[in-house]
Amino acid sequence: MGPSPEGGGPVPSSRRGPSSRPLSARQLDALRRAADGQTHKQIGRGLGIDEKSVGKFMTEVFRKLGASNMPNAVLLACRAGLLDGRPQRHGDHAGFAAHRYRGEEPCEVCWEGERAYRRDRRAARKTSTSHAA
């Protein structure tokens with residue numbers, strides 16, 4: 001099951017990377033509220049939880065997305081299509097990661113983008129190794 005009926009998944013940006021577990025509907029709702037600029041107090045009221053619990057709740061959202069803070073979490077969620085229901089990246093490494101996050105087999109276009117990404121990374125490592133020698 002994906003993070004929402006619309007699908008979508010995070011684009012890794014931190015060293016930790018995203019969790020393999022999808023966001024729950026409730027976590028996605030909290031993230032949408034945060035993206036709309038609501039405070040922890042407003043989010044807590046909307047979710048029916050204590051304001052102090054919202055911080056812990058959002059920490060779990062950050063961990064699942066591989067985000068370091070709220071703006072980073074919102075950015076990753078937007079890129080992955082979690083907040084508007086459609087993936088905004090397709091045919092590259094990020095699109096590939098979004099398919100995987102949703103538990104789907106990546107489409108051929110995203111596979112080709114992933115292959116190109118891996119080729120570029122190998123070439124960059126090879127170049128940096130030859131310069132260091």
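The values are calculated or read from the model by the stated rules, or taken from the named source; none is laboratory data. For clarity, every value in this text was computed on a predicted model and none was experimentally measured. Reconstructed Cβ throughout: ideal geometry from the backbone, glycine too, with neighbour counts over all protein chains shown. Just the protein is used for accessible areas: all its heavy atoms, side chains included, with ligands, DNA and RNA removed. Shrake-Rupley method; radii C 1.70, N 1.55, O 1.52, S 1.80 Å.
Ranked by accessible surface with a 1.4 Å probe, highest first, in what order do R121, R102, R33 come?
Largest accessible area first, the residues go R121, R33, R102.
Each residue of the range 34-49 in turn: what ³J(HN,Hα) in whole Hz from Karplus with 6.51, -1.76, 1.60 and θ = phi - 60°, glycine and Pro shown as x?
5, 5, 7, x, 6, 7, 4, 4, 5, 4, x, 4, x, 8, x, 10
Cα gyration tensor of the range 47-133, axes a ≥ b ≥ c as square roots of the eigenvalues: rounded (a/c below 1.5), prolate (a/b > b/c) or oblate?
Oblate.
How large is the accessible surface of K126 in square angstrom, using a 1.4 angstrom probe and rounding to the nearest 10?
150
Would you calculate the separation in nanometres between label points at S53 and A25, each defined as 7 Å from the Cα along the Cα-to-beta-carbon direction?
Going by the 7 Å Cα→Cβ label model, 1.8 nm.
Taking Rh as the Kirkwood radius, which is the inverse of the mean 1/r over Cα pairs, what is the Rg/Rh value for the range 24-72?
0.92
Along each of the three principal axes of the Cα atoms of the range 64-114, give the extent in whole Å, ordering the values from largest to smallest.
Extents along the principal axes: 33, 19, 17 Å.
If I take every Cα pair under 8 Å that is 6 or more residues apart in the range 43-133, average their sequence separation and divide by the length, what percent do I get for the relative contact order?
Computed value for the range 43-133: 14 percent relative contact order.
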